[in-house]
Amino acid sequence: MKWRWIPFAELTAKELYDLLQLREDVFHLEQRCIYRDLDDADIQARHLLGYHQEQLICYLRVGLQDEDLIVARVVVKAAFRRRGLGKVMLSNTLQTLQQNYPGFGIVMSAQLEQEGFYSSLGFAPCGVPFLDA
């Protein structure tokens, strides 16, 4: 696996296309989530791209809101699931964020169905569930 942290302004056209295609494939086509995926949060976020043999297979973004780092759009390509990649990606992300942003809270914006997965990484539900749509 090859991991790359990239601010939005430094994404190449190909990287941007690949990450948007992966998000569309999973969130819109596979999960049938009807919401506006392209939001202004992408522009201010740092993006983590995970590659296997030059193919983007997992992704997330991290944005800053007040004193919190918001981890969102966590996705693993269907053919690569059940291999622990999501857990590796998030564990590394949490370690990186704690080292680079001490004192900031880390908040996960996630689907309610994934609560058990995120709980296994130390996250606890807070707030009221909401729809991206």
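The values are calculated or read from the model by the stated rules, or taken from the named source; none is laboratory data. Just so it is clear, the structure is predicted and the values come from calculations on it, not from any experiment. Every residue, glycine as well, gets a Cβ built from its backbone with ideal geometry; the counts of neighbours run over all protein chains shown.
How many residues, within the range 56-76, are touching a Phe, Trp or Tyr at 6+ places or on another chain (Cβ under 9 Å) and over 22 Å from S119 (Cβ atoms)?
3
Please tell me if L112 is at pLDDT below 90 and surrounded by fewer than 18 Cβ atoms within 10 Å (Cβ to Cβ).
yes
Please count how many residues of the range 57-99 are surrounded by fewer than 17 Cβ atoms within 10 Å (Cβ to Cβ), assigned to a strand (DSSP E or B) and not acidic (D, E).
Here the count works out to 2.
Hey, could you check the range 22-37 for residues that are part of a helix (DSSP H, G or I) and under 14 Å from the mean Cα position of the chain (by Cα) and say which is surrounded by the fewest Cβ atoms within 10 Å (Cβ to Cβ)?
E24
Take the residues in the range 38-56 that are without any contact (Cβ under 8 Å) to a residue 24 or more places away in the chain and either within 18 Å of I70 (Cα to Cα) or assigned to a strand (DSSP E or B) (or both), then tell me which one is farthest from the chain's Cα centre (by Cα).
Q55
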